[in-house]
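Only one structure is covered here, and it is reproduced in the block below.
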Amino acid sequence: MIHLASLVTMGRIIGALILLLTEPLSSLFFVVYFLCCMSDLLDGYIARKTNTTSSHGEILDSVADFIFAAVLLFILIPLFEWENWMPYWIAIIALTRLVSLSVGFVKYHTFSLLHTHTNKITGIALVTFPVFHQLFGFYLTALILCAIASLSALEELIITILAKKLNRNIPHIFAVAE
């Protein structure tokens with residue numbers, strides 16, 4: 001049975017794919033973008049309120065987040081003039097995430113995408129990128145976003161290495177010892 005929360009999450013995946021067909025930074029783009037962001041806020045809330053949380057839903061949420069972020073990168077990367085260091089830093093973040101996923105898969109025999117506070121902050125920073133880009137410019141926004149994403153990726157890797165069992169909803173690195 002598919003629950004309402006999962007339908008909302010699947011809506012984010014569909015919305016991300018629709019973004020590929022819209023003109024970047026157009027009015028339609030921002031409407032779909034906003035709906036995708038709202039779905040990310042609502043799916044977990046709905047799952048908790050309807051008592052339909054599940055590991056399947058957590059994985060689906062992480063996959064939807066990944067697809068949404070990947071689509072945004074695909075759309076936004078060609079729009080900006082990149083400093084030489086930016087693609088390298090993004091590649092290091094992506095590699096750290098890939099190593100974390102690989103370690104988690106070997107260790108837990110499943111994808112170990114975590115919902116830490118820093119991962120949520122990274123998600124918020126990603127979805128607010130267009131707004132902060134308008135306010136602070138590309139360079140400063142990219143610098144801040146890369147710093148936040150680096151901390152998040154490193155924390156997830158350390159948690160994945162140190163944790164004895166998989167807890168996708170672990171709030172932060174200090175909860176590993178609890």
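So the values come out like this:
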quantity	calculated
Debye, to nearest 20: dipole size of the stretch 35-178, +1 on Lys, Arg Cβ, -1 on Asp, Glu Cβ	440
Accessible surface, 1.4 Å probe, highest first, among residues VAL71, VAL176	VAL176, VAL71
Heavy-atom SASA rank of ARG48, ARG168, ARG12 (probe 1.4 Å, accessible area, largest first)	ARG48, ARG168, ARG12
Share of carbon and sulfur in the accessible heavy-atom surface of the stretch 12-60 [1.4 Å probe, %]	69
Largest to smallest principal axis extent of the C-alpha atoms in the stretch 1-158, angstrom	46, 38, 23
Mean separation of Cα contacts under 8 Å, 6 or more apart, over the residue count of the chain: relative contact order %	22
Exposure rank, largest accessible area first [GLU156, GLU23, GLU83, GLU58; 1.4 Å]	GLU23, GLU83, GLU58, GLU156
Under the span-like rule (Cα at least 18 Å along the axis, Kyte-Doolittle mean at least 0.0), DSSP H helices of the chain	4-19, 27-49, 55-76, 85-108, 138-162
Per residue solvent-accessible surface (Å²) - the chain, probe of 1.4 Å	60
Per-residue SASA entry for LEU98, accessible area with 1.4 Å probe, Å² rounded to 10	100
Surface accessible to a 1.4 Å probe, TYR45 within the full protein complex, Å²	120
Exposure of HIS117 as accessible area (Å², to 10), given a probe of 1.4 Å and all protein chains	100
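The values are calculated or read from the model by the stated rules, or taken from the named source; none is laboratory data. Fair warning: this is a prediction, and the values are worked out from it, not measured in the lab. Quick reminder, even Gly has a Cβ in these numbers, built from the backbone with ideal geometry, and neighbours come from all protein chains shown. Heads up: the accessible areas ignore ligands, DNA and RNA and are worked out on the full protein's heavy atoms, side chains in. Shrake-Rupley method; radii C 1.70, N 1.55, O 1.52, S 1.80 Å.
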